[in-house]
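The values are calculated or read from the model by the stated rules, or taken from the named source; none is laboratory data. Only a predicted model underlies this, so the values are computations on that prediction, with no experimental measurement involved. Virtual Cβ from ideal backbone geometry, glycine too; neighbours counted across all protein chains shown. Only protein heavy atoms, including side chains, enter the accessible area calculation; ligands, DNA and RNA are left aside. Shrake-Rupley method; radii C 1.70, N 1.55, O 1.52, S 1.80 Å.
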Amino acid sequence: MDHRIDWIMWQGGFAAALYVGIVEQVEWVHYALVAFICWTLVSYASTLLNWVAPRRIKLPPVPQAVAMAFDLGVLASMFLAHWYWTAFAYAASCGCLALLQARTASKP
């Protein structure tokens, strides 16, 4: 499968889950999103603390402006829904991912 289509499907699924969790106010989806976001934060942060990347971190196959616009939209929706800690965890995981991408890009 094309990497762009894969990225669009993953981000589309995440956006749909955000819609169901925020607009439709389905509680179990909210908890599932919090668990997923915290899991990604813990996995990226532990990788950064160990100074070892388990695999090569690939850049998203879309332009950086598109990925950033999506992340800002996710953060804005979380803040508007008063999910402050979840928004913080999402922003921290995006920051850790950016650090991992920079670190693996500098490795041979």
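Of everything in the stretch 43-77, what is closer than 21 Å to Q11 by Cβ, in a helix (DSSP H, G or I) and modelled with pLDDT under 90? Give them in sequence order.
Matches in the stretch 43-77: S43, Y44, Q64, A65, V66, A67, M68.
Could you list, ordered by first residue, the pairs with Cβ atoms under 8 Å in which the first is in the stretch 5-32 and open to solvent by 50 Å² or more (accessible area, probe 1.4 Å) and the second is of a type in the set (G, A, S) and assigned to a loop (DSSP other than H, G, I, E, B), at least 6 apart or interchain?
Once the first residue is open to solvent by 50 Å² or more (accessible area, probe 1.4 Å) and sits in the stretch 5-32, no partner that is of a type in the set (G, A, S) and assigned to a loop (DSSP other than H, G, I, E, B) comes close enough.
Need the failing condition index for P108 against (1) modelled with pLDDT under 90; (2) assigned to a helix (DSSP H, G or I), just the number.
(2)
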